[in-house]
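The values are calculated or read from the model by the stated rules, or taken from the named source; none is laboratory data. All values reported here derive from a predicted model rather than from experimental measurement. Neighbour counts are summed over all protein chains in view; Cβ atoms, including those assigned to glycine, are modelled from backbone coordinates with ideal geometry.
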């Protein structure tokens, strides 16, 4: 089994914000594979299904971003998952808009959701897929991540979301190394 977690903040007020791109990706993934995410479990909206031959659990934590580790820890313990069976999808301020970066470990990069997961599971040895949301050229990072994407950014974000879904499928079927080779970088242009 694989556990795929999209990070974001719960509530309509945060729908479509830069910080919630992890939610957007897991929603698109669940929709593509017919996985229902309406079940409340492990402090998250949760669904079970199959992608290819692999059983998967998909989560959207209902805790706020800074407490995402609570949901991940509970699901990981319940399913007795190894760290290499976990993929977390999040936004990244340091990456240009739409660029993907998958890694099999590393730091939180200042992302509080990733840091909370590391603190709760006691390790950083799990896979993360980061999606660039653009650097805040003016203002502070907190206000930038809670903004919605502009109309001029939407085409790039749509491609990045679909590219991220394909990266998750590749990770499930082929592992981290091949996924990094194929998907780290900008999404293909139409």
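Which ones in the range 16-36 are assigned to a loop (DSSP other than H, G, I, E, B) and at pLDDT 95 or above?
Taking the range 16-36 first, the residues assigned to a loop (DSSP other than H, G, I, E, B) are 16, 33-36.
Scanning the range 16-36 gives 33, 34, 35, 36.
Please tell me if residue 108 is assigned to a loop (DSSP other than H, G, I, E, B) and either within 24 Å of residue 168 (Cα to Cα) or more than 15 Å from the chain's Cα centre (by Cα) (or both). So that I can check it myself, show each step before the final result.
Values: assigned to a loop (DSSP other than H, G, I, E, B): yes; either within 24 Å of residue 168 (Cα to Cα) or more than 15 Å from the chain's Cα centre (by Cα) (or both): yes.
Taking the combined requirement at face value, the residue satisfies it.
Would you please name the residue that is modelled with the lowest pLDDT, looking only at residues in the range 75-96 that are part of a loop (DSSP other than H, G, I, E, B) and crowded, with 17+ Cβ neighbours inside 10 Å?
In this case the residue turns out to be 93.
Which of the residues that make up the range 163-181 are in a helix (DSSP H, G or I) and loosely packed, with under 15 Cβ neighbours inside 10 Å? Give the steps one after another, and end with the answer.
If we filter the range 163-181 for residues that are in a helix (DSSP H, G or I), which is where we start, we get 163-174, 176-181.
Answer for the range 163-181, where residues must be in a helix (DSSP H, G or I) and loosely packed, with under 15 Cβ neighbours inside 10 Å: 173, 174, 177, 178, 181.
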